[in-house]
Structures are given as structure tokens and as C-alpha cells.
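K.L.:
Sharing a structure below in C-alpha cells format, with a few things to ask.
The values are calculated or read from the model by the stated rules, or taken from the named source; none is laboratory data. Just so it is clear, the structure is predicted and the values come from calculations on it, not from any experiment. As a convention, Cβ positions derive from the backbone with ideal geometry for all residues, glycine included, and neighbour counts pool all protein chains shown.
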Amino acid sequence: MKKELCLRCKGGKFLCGISYCPIIVKNKALAPIRRILPSLKNEYYGPSPPSIFVGRFGYPKVYIGPMGAMNWDNIEIMDEPDKWKTDLTLENVIGIRAKLFRFMGEPINVSDISSSSKILEVTQEQIQADNPIDLEIKFSRKPKIDLSFNNYTQPLGVRFKIDSLKLVSNPKINTTLEKVVNDTDLNALIAVDNLYQSKYSVTQISRVLSAGLLGEKNKRKIVPTRWSITATDDIIGNSIRERISTFKPLEEFLVFHNSYLDNDFWTLFIPKDFWQFNYHESWKQGSSWNPSDPSPEILTDNEGPNGRKYYATNTVGGYYAARLAILEKLEQLKRVSSVVTIREVGKGYAIPLGVWQVRENMRKSLIQPHAKFTSLIDALKYIEKQLTVPLNYYYRRSPILNRKTLDDFFMSLKQQSY
């Protein structure tokens, strides 16, 4: 936003067109943190959800450490977005995450799993716990009081550079996780899928992967948090894609929709006997990644029956999060299909909250009542009426929506206008 606009508004007139002030939301979330930090002095004694954060700057040497909570409020869900209800407001999410501190020691090489670092050892131990555990942490430097936002991870709270760390309570570790972690002959891809099929959440799995606890002994590595989230979505998605490849196709066209935090998702399932996926993101003026351009910024990524060979550089982590939710639905239905998803992001989403929002928004949309159609044209007419951005912006970028069908679709709309 322009500084002049903010100065005239002061958070009360909403001159930017957003129904909340990002600056006030951030300061409100940090207020209780600023009150409590002086009482910590140079020592923290408190609970961890359990959780972990691994940075990516300086790779292959990265900062790693546990995350601790300001108090026990909401500790069960602080780092479990899979459990967050999609009726939490943006302010709720930021408020919950602001109370989660990041503790980091000296940087460690990602390949140095056998490091003598006590911080790494304790972090790996506590991350396996089934229950919140208590930590005792000493630090000499004053923490940086701030909140960090990006399009990959959940909002990140105050960061501490620590001198020492120890567990105060003993972690209870589930035997399934313990077995997978201790199996140093097990491929990481199989380990991730085993945990997923054992009902571990995507977030739980990504934390264990991030801590360097999965895979064959000599191939294990610490993985930066934002990379481990997308890697987990991708690995699980690929496993499901393989399983659904032999299923029968859907018998009709299905359209699903959900809206949350000014993110609208429309997903069209097209009856075909093979998997294809086409994902569009449309960022409207005022949204977090398109603050000023009046025309929508549209990004697209695709894949065919055999998946992708390269990273989805246009829609990045959101692509894999959305794809996972869709593949989960197809596995539940025991069907295979080609799928087109359109995400429209409005100005109400001025603060990015991470790809969990895409995954959980998509999951919610796919359990909502949905519309059924016998033809692609009827399904497209239904979607066209609800989109903010005209459909032709998307079909030009879609290899799944073939040109002949779309020509027929727009011809039918023209005929209706006479």
C-alpha cells in the first residue's frame, strides 16, 4: 500500500478496500508477546506442541531448532493446520501462530545427521513425541520481535538464538513412527507413504522429514521447513496417483466449490480413464501477490498421467497442496478422472498464510455438496456464472479443456444472448 494512503486511513477507514488493517492485525497479535518477553529474561521454560523449524538461508548450512509456545492455549493445534477449522478468521490464525516461538542454535550442515549438536539431538527427539512436552532453553541475545509471513509456511513468530536446550519431560513416541524412523534401510518415499496410510497428518510427516529422520541411513538429510511441506504433499500425491491409475473413470462431470479467507476454489472433475491435472491461480488487485495491477495475474501449471518431471514453478507449493486434496478425493471415490481447478484470490487475502490454506480449503470444498452434469458444456456454464474472472482467461491456458468443446461452449452462450 502507498504510505500516504495508510497515513490518511490509520486503520479505521479501510481506504485500501480491505475489510481489516494488516498493520493493526500484526501489532495486535504481537501485543501479548511484547508483554511477556521481559519476564523471560535469558531463559525459557515452557511447552512445545511438539514442533520444529528449519530455515533455508545459507543452505546447505541451516538453522534448526524446536518451537515453543507462550502458553498452553490452543497448543494441540498451534502447529497442526490439518486440524484448523476453516472458519478461523485471518486474525485467529495469526494470533495462534504469534504465540509460537522459534528457537535456533548455530547453523548445521543438512547432511550432518550424526552431528554432535545437542540442539539437533533434542530437536529430533522431541519432534517424534505424540504429546506436548516441556523444554528448558537458555539464550543470551534479545529476540527479534516480529512476525514472518510467506506463501509456503504458516505465519512464524518471534525468533530466539539459543545457547542450550534440554527436554524436561519424556516424549511418548508412537510405535509406528518409531519403527519407520529406526528403519534405516527404508526409502524416504515409502516411509512418507507408510506414515500417511497410518493416519499421520501431512504436517506431522513433513516435520519428521524436515528433522532428517526418514530414509536410508546414508541419504538422510535435514530439510528446510518450506521445502519439506511441499515435498510431503508431492510424495503422498504421487503415491495416490499410482493407486488410482487402475480405477474406473467417473460417470459424470462434477463441480465442487468452497470459499475461505477470500480464496475461492472451483474444481471440475472430467470423466476420463486417466489422470490429468490443470491448476490455475488468479490473483486479483489488492491480493497479497498483486497489490496494484487492476488486471488479474493468472498462473497455471499442469501434469499428465505420469505426473510432473519438474517443479511447478508458476503456482509452486499451492499446486501440490491442491493436487493432494483432489487425489485423496478420487481415492475415496475409487475413481480416476481428469481435473481442472481454478483458484481466485481476492483483496481480503492481503497477508499470505501458507499452503495449508490451499490444502484445507480444497479438502473442505470436496466434502461440500456438489453439482453434477452430463456434459462438459453444462458444467462450464455453471462455473462461468460464478467466476469473477471470465472463463476465457483460463481456457486459453488449459490443455485439458479442448478447443472444440470450448468453441461449442461459447457458441451456446452467444445463441442464448439472442
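K.L.:
For residues that are small (Gly, Ala, Ser) and surrounded by 17 or more Cβ atoms within 10 Å (Cβ to Cβ), scanning just region 221-258, find the one that is farthest from Val358 (Cα to Cα).
P.N.:
Among them, the one singled out is Ser239.
K.L.:
Would you confirm whether or not region 292-302 contains a residue that is buried (at least 18 other Cβ atoms within 10 Å of the Cβ) and without any contact (Cβ under 8 Å) to a residue 60 or more places away in the chain?
P.N.:
Yes, because at least one residue in region 292-302 is buried (at least 18 other Cβ atoms within 10 Å of the Cβ) and without any contact (Cβ under 8 Å) to a residue 60 or more places away in the chain.
K.L.:
Another question about this same structure. Assuming Gly318 fulfils every condition listed in (1) assigned to a helix (DSSP H, G or I); (2) touching a helix residue (DSSP H, G or I) at 6+ places or on another chain (Cβ under 6 Å); (3) farther than 19 Å from Val202 by Cα apart from one, which condition is it?
P.N.:
Going through (1) assigned to a helix (DSSP H, G or I); (2) touching a helix residue (DSSP H, G or I) at 6+ places or on another chain (Cβ under 6 Å); (3) farther than 19 Å from Val202 by Cα one by one, Gly318 breaks only (3).
K.L.:
Restricting to region 343-376, what's the tally of residues that are touching a helix residue (DSSP H, G or I) at 6+ places or on another chain (Cβ under 9 Å), farther than 25 Å from Phe247 by Cα and aliphatic (A, V, I, L, M)?
P.N.:
Number satisfying all stated conditions: 5.
K.L.:
Of the residues Gly58, Gly68, only one is touching a Lys or Arg at 6+ places or on another chain (Cβ under 9 Å), among the small types (Gly, Ala, Ser), touching a residue at least 24 places away in the same chain (Cβ under 8 Å) and not in a helix (DSSP H, G or I); which?
P.N.:
One residue alone meets the criteria, Gly68.
K.L.:
Answer with yes or no whether Tyr44 is crowded, with 17+ Cβ neighbours inside 10 Å, modelled with pLDDT of 85 or more, of a type outside the set (S, T, N, Q) and closer than 21 Å to Tyr152 by Cα. Talk me through it step by step, then tell me what you get.
P.N.:
Values: crowded, with 17+ Cβ neighbours inside 10 Å: yes; modelled with pLDDT of 85 or more: yes; of a type outside the set (S, T, N, Q): yes; closer than 21 Å to Tyr152 by Cα: no.
Here the answer is no, as Tyr44 does not meet what is asked.
K.L.:
Out of region 345-379, which residues are touching a residue at least 40 places away in the same chain (Cβ under 8 Å) and assigned to a helix (DSSP H, G or I)?
P.N.:
Residues satisfying the conditions are Trp356, Gln357, Val358, Arg359, Glu360, Asn361, Met362, Lys364, Ser365, Leu376, Asp378, Ala379.
K.L.:
Please go through (1) in a helix (DSSP H, G or I); (2) surrounded by 15 or more Cβ atoms within 10 Å (Cβ to Cβ) for Asn92 and return the number of the only condition it doesn't satisfy.
P.N.:
Condition not satisfied by Asn92: (2).
K.L.:
Same structure, new question: Restricting the search to region 286-309, which residues are among the hydroxyl-bearing types (Ser, Thr, Tyr) and modelled with pLDDT of 95 or more?
P.N.:
Thr300
K.L.:
Now for a separate question. So is Val339 in a strand (DSSP E or B), in contact (Cβ under 8 Å) with a residue 40 or more places away in the chain and not basic (Lys, Arg) or not?
P.N.:
Yes, satisfied.
K.L.:
Out of Phe53, Phe103, Phe57, I need the residue that is modelled with pLDDT of 90 or more and farther than 21 Å from Leu135 by Cα. Which one?
P.N.:
Going through Phe53, Phe103, Phe57 in turn, just one is modelled with pLDDT of 90 or more and farther than 21 Å from Leu135 by Cα: Phe57.
K.L.:
Any residue in region 185-209 that's more than 18 Å from Thr123 (Cβ to Cβ): show its pairings with residues that are hydroxyl-bearing (Ser, Thr, Tyr) at Cβ separation under 6 Å, as long as the two are six or more apart or on different chains.
P.N.:
Asp193/Ser239; Ser198/Thr176; Val202/Thr232
K.L.:
Sort through Cys21, Cys16 and tell me the only one that's without any contact (Cβ under 8 Å) to a residue 40 or more places away in the chain and either in contact with a Cys (Cβ under 8 Å, 6 or more places away or on another chain) or surrounded by 18 or more Cβ atoms within 10 Å (Cβ to Cβ) (or both).
P.N.:
Working: Cys16 fails: without any contact (Cβ under 8 Å) to a residue 40 or more places away in the chain.
Answer to the selection: Cys21.
K.L.:
If the requirement is being farther than 24 Å from Val316 by Cα and at pLDDT below 90, which of these qualifies: Lys138, Lys217, Lys144?
P.N.:
Lys144
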